[in-house]
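Reviewing the structure listed below.
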């Protein structure tokens with residue numbers, strides 16, 4: 001459980017893989033795929049991708065349908081969360097200033 005937006009973003013971006021997944025799903029908001037295929041898309045090892053997908057699903061950034069190797073992950077449909085991620089990504093890209 002996170003208590004602030006700063007803690008939420010810190011948890012959401014605590015690894016390179018999580019950042020890669022955030023950017024992937026932000027750019028492909030209607031994508032739905034398995035951990036194995038997502039690992040291929042971001043060119044990372046499956047065990048690490050699985051762990052970080054589960055973490056992002058716990059944070060409600062990703063939605064998870066099913067269990068095990070056939071589980072499908074997709075981007076959140078929660079507008080508040082999606083807006084927060086969009087602002088974070090635009091700040092990271094320098095498209096908007098922080099503050």
Subject >> Tally of residues being under 9 Å from the mean Cα position of the chain (by Cα), closer than 22 Å to residue 6 by Cβ and in a helix (DSSP H, G or I) across the stretch 49-61 >> reply: 4
**OP:** Answer yes or no as to whether residue 9 is buried (at least 17 other Cβ atoms within 10 Å of the Cβ) and either outside any helix (DSSP H, G or I) or free of Cβ contacts under 8 Å to residues at least 60 places away in the same chain (or both).
**Re:** no
**OP:** Output the qualifying pairs, or none if there are none: Cβ atoms under 7 angstrom, residues six or more apart or on different chains, first residue in the stretch 76-90 and exposed (fewer than 15 other Cβ atoms within 10 Å of the Cβ), second residue at pLDDT below 90.
**Re:** 90/96
Original post:
Can you name the condition, by its number, that residue 25 falls short on among (1) in a helix (DSSP H, G or I); (2) in contact with a strand residue (DSSP E or B) (Cβ under 6 Å, 6 or more places away or on another chain); (3) exposed (fewer than 15 other Cβ atoms within 10 Å of the Cβ)?
Top reply: (3)
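Would you check which residues across the stretch 29-48 are free of Cβ contacts under 8 Å to residues at least 40 places away in the same chain and part of a loop (DSSP other than H, G, I, E, B) and list them?
34, 43, 44, 45
The values are calculated or read from the model by the stated rules, or taken from the named source; none is laboratory data. Small disclaimer: the values here were computed from a predicted structure and weren't measured. Cβ atoms come from the backbone with ideal geometry, glycine included; neighbour counts cover every protein chain shown.
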